[in-house]
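Report on the structure given below.
The values are calculated or read from the model by the stated rules, or taken from the named source; none is laboratory data. Since the structure is predicted, the reported quantities are computational estimates derived from the model, not experimental observations. For neighbour counting, all protein chains shown are included, and Cβ atoms are generated from backbone atoms with ideal geometry for every residue, glycine included.
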Amino acid sequence: MKETDLYLPIKYHLESLGFFVQGEVGAIDVFAMKGEHSVAIELKIQISLKLIYQAMERQKIADEVYIAVPKSAIRSHRSQMKSFLDLLKRLSIGLLVIENQDVVQMLEPELSFANLGIKRSPKKRKRIIHEFKNRELDVNVGGTKGRKVTLYRETSIKIAKIIQAYGALSPKDIKTFTNLDKVDSILQKNYYGWFVRIRRGLYALSDRGTDDLSRYE
């Protein structure tokens, strides 16, 4: 079993509760919002201190934090389960358990973060929520290691698709087609190597850009 195997059951569970869900938002495995209320979930196939540390870090950003593990992790941790649940209660971290495709909420976060003395990070929270609300592609799977579709990559994809459709374009033309910000910066930095400057103020798609874009059809 991999962490990514836990993502869809958690996603469907949260969606059934009325949340909008995205995988891999910043460093968070699963981030969900209902209105302005946010939930962060960390996925792991085993229980460990690292998992607790990650959940505590997410408390600086989200309104509620859960860890999600498979039923097998609970079985292997059975002798220490009471102590583990007591620890989660004290830290106000919720626990979700997945067996097959079913999700059971074993523990809800109960205490307010203010009562726990947790120092919130408005800057990190704002950045995560901006990323979450401005994404349109739902392609990330929570628990994925390596390349993820960030808002920056998504914006680059939109620019590349416009160039692919219309041929070489100026930044001004791309802005007209897409209403995107930071077009000039993305073209000039060319972080992914997708764009080729034909002449001043005119950009085409590189061979690498054409190849990479086919992955997002």
Output for Cβ contacts, cut-off 7 Å, separation at least six or different chains, first residue assigned to a loop (DSSP other than H, G, I, E, B) in the stretch 34-49, second surrounded by 18 or more Cβ atoms within 10 Å (Cβ to Cβ) and charged (D, E, K, R), reads K44/E3; I45/E3
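For residues that are closer than 17 Å to R120 by Cβ and modelled with pLDDT of 90 or more, scanning just the stretch 26-38, find the one that is surrounded by the fewest Cβ atoms within 10 Å (Cβ to Cβ).
From the stretch 26-38, those closer than 17 Å to R120 by Cβ are 26-28, 31, 33, 36-38; that's our starting set.
Retained after the next criterion (residues that are modelled with pLDDT of 90 or more): 28, 31, 33, 36-38.
Values: I28: 26, F31: 26, M33: 19, E36: 7, H37: 11, S38: 22.
Filtering first and then ranking leaves E36.
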| task | Confirm whether V103 is touching a helix residue (DSSP H, G or I) at 6+ places or on another chain (Cβ under 6 Å) and either farther than 22 Å from T150 by Cβ or hydroxyl-bearing (S, T, Y) (or both). | result | yes
If you go through T150, T155, the only one that is out of contact with any Pro (no Cβ under 7 Å at 6 or more places or on another chain) and surrounded by fewer than 18 Cβ atoms within 10 Å (Cβ to Cβ) is T150
Practice prompt. Would you check if there is a residue in the stretch 200-208 being in a helix (DSSP H, G or I) and surrounded by 19 or more Cβ atoms within 10 Å (Cβ to Cβ)?
Written response: no
Contact list, first residue from the stretch 136-147 and outside the structural domain of G23 (by TED's automatic domain parsing), second anywhere and among the basic types (K, R), beta-carbon distance below 7 Å, six or more apart or interchain, is N140/K148; G143/K2
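I'd like to check something: does the stretch 199-209 contain any residue that is closer than 30 Å to Y12 by Cβ and either among the charged types (D, E, K, R) or touching a residue at least 12 places away in the same chain (Cβ under 8 Å) (or both)?
Start the filter on the stretch 199-209 by keeping residues that are closer than 30 Å to Y12 by Cβ, which leaves none.
Within the stretch 199-209, none of the residues are closer than 30 Å to Y12 by Cβ and either among the charged types (D, E, K, R) or touching a residue at least 12 places away in the same chain (Cβ under 8 Å) (or both).
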From the option list I61, I41, I67, single residue qualifying as closer than 18 Å to N134 by Cβ, modelled with pLDDT of 90 or more and buried (at least 19 other Cβ atoms within 10 Å of the Cβ) is I61
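Could you go through the stretch 146-153 and let me know if any residue there is closer than 23 Å to Y191 by Cα, hydrophobic (A, V, I, L, M, F, W, C), in contact with a helix residue (DSSP H, G or I) (Cβ under 9 Å, 6 or more places away or on another chain) and not in a loop (DSSP other than H, G, I, E, B). First the steps, then the outcome.
Start the filter on the stretch 146-153 by keeping residues that are closer than 23 Å to Y191 by Cα, which leaves 146-153.
Those left that are additionally hydrophobic (A, V, I, L, M, F, W, C): 149, 151.
Subset that is in contact with a helix residue (DSSP H, G or I) (Cβ under 9 Å, 6 or more places away or on another chain): 149, 151.
Now narrow it down to the ones that are not in a loop (DSSP other than H, G, I, E, B): 151.
Yes.
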Counting only residues in the stretch 171-199 that are surrounded by 15 or more Cβ atoms within 10 Å (Cβ to Cβ) and over 28 Å from the mean Cα position of the chain (by Cα), the one farthest from R135 (Cα to Cα) is identified as V196
Pairs returned, first residue in the stretch 88-107 that is assigned by TED's automatic domain parsing to the domain that holds E42, second residue that is acidic (D, E), beta-carbon separation under 7 angstrom, 6 or more apart or interchain, are K89/E110; S92/E110; G94/E64; G94/E108
All-but-one check, A168 against (1) within 28 Å of H130 (Cα to Cα); (2) surrounded by 14 or more Cβ atoms within 10 Å (Cβ to Cβ); (3) of a type outside the set (S, T, N, Q), failing number (1)
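Restricting to the stretch 100-114, name every residue that is modelled with pLDDT under 85 and surrounded by 14 or more Cβ atoms within 10 Å (Cβ to Cβ). Steps first, please.
Taking the stretch 100-114 first, the residues modelled with pLDDT under 85 are 100-101, 110-114.
F113, the sole residue that qualifies.
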